[in-house]
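The values are calculated or read from the model by the stated rules, or taken from the named source; none is laboratory data. The model shown is predicted, which means the values in this text are computed figures rather than measured ones. Don't worry about glycine lacking a Cβ; one is built from the backbone with ideal geometry, like all the others, and counts go over all protein chains shown.
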Amino acid sequence: MKLVWQILAVVLVGAVGGQAATAVQDDPWLSLLVGSLTVVLLVLVYRWVVGRTERRPVTELAREGAPGSLLRGLVIGVAMFGSVIANISFLGDYKVHGFGSATGAIGLVGFMAGAAVTEELMFRGLLFRLVERGLGTYLALALSGTVFGASHLLNKDATLLGGVAIAIEAGGMLAAAYAATRSLWLPIGLHFGWNFAESGIFGTEVSGNGETHGLLDASTSGAKLITGGEFGPEASVYATLFGALLTVVFLWLARRRGHIVPRQRAERVDALATLAR
């Protein structure tokens, strides 16, 4: 029953925030404000409902070390997507036509922040964390990654290839980032950095949701395997490769730090969260 309350609380706040952000998306400053308020409310609600239902300190969203973890995640996310674009550009399949919209990029900060926090709390904070208690780290990573990829098949221009790519490069990587740190701040920063770089900086399609208007006016063309086609560069072979490599790195860190949870060893999870605080 406690899981139901946790899911309902996060989904409700995320859904309301998402609807509000969509309603004001033509006004970049309002979009930034709505996105920021959604982020704050989501964190407060998650802390309250998880702390109340599980009767423990919510260490995965501890204030201590949060700014540094967010910044590290942001840098990793931007650098990772920048590497994807650099490889696509090297083959001549990404072209910049000029400058885009600075105000559009500002609006995308709020929208992408709200989306990143909502998805991280849902898929890593709840799904991965709770499934890991019974099935262990590796099975929970595979399951939550598959569900995360499948959820993106509902997007406007979604493709099966795009869903598989998201499951690997995002679902797996972000869960592994949480396992390595036992904190949601790093995956939140990474998720936001990736999405904002994709839309707010390089001006490409995001997860099949259509074109965005970021700092650069740019376009992609060429083989779908390289560019990701209408789904966007997230379905590119480069994004999948870099995401898989980072997943391996994060899992290596998790194992080195003793954060890997064996199957049916639920008691270790709370201890790991306390130690990582």
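Structure notes:
- Selection status of residue 188, assigned to a helix (DSSP H, G or I), surrounded by fewer than 22 Cβ atoms within 10 Å (Cβ to Cβ) and of a type outside the set (Ser, Thr, Tyr): no
- Count of the range 231-260 residues which are of a type in the set (A, V, I, L, M, F, W, C) and crowded, with 24+ Cβ neighbours inside 10 Å: 4
- Taken over the range 65-100, residues that are in a helix (DSSP H, G or I) and not hydroxyl-bearing (Ser, Thr, Tyr) amount to 22.
- The condition (being at pLDDT below 85, under 23 Å from residue 190 (Cα atoms), under 22 Å from the mean Cα position of the chain (by Cα) and of a type outside the set (A, V, I, L, M, F, W, C)) is satisfied by just one residue among 35, 17, 73: 17.
- Hey, residue 136 on the phi < 0 side of the Ramachandran plot and part of a helix (DSSP H, G or I) or not: no
- Candidates in the range 207-219 are the residues that are surrounded by 23 or more Cβ atoms within 10 Å (Cβ to Cβ) and in contact with an Asp or Glu (Cβ under 8 Å, 6 or more places away or on another chain); of these, the one that is farthest from residue 150 (Cα to Cα) is 212.
- Number of positions in the range 1-46 that are within 26 Å of residue 101 (Cα to Cα) and assigned to a helix (DSSP H, G or I): 19
- Flag if residue 111 is assigned to a helix (DSSP H, G or I), in contact with a Ser or Thr (Cβ under 8 Å, 6 or more places away or on another chain) and at pLDDT below 90: yes
- Some residue of the range 132-148 being of a type in the set (A, V, I, L, M), over 29 Å from residue 237 (Cα atoms), at pLDDT below 95 and surrounded by 16 or more Cβ atoms within 10 Å (Cβ to Cβ): yes
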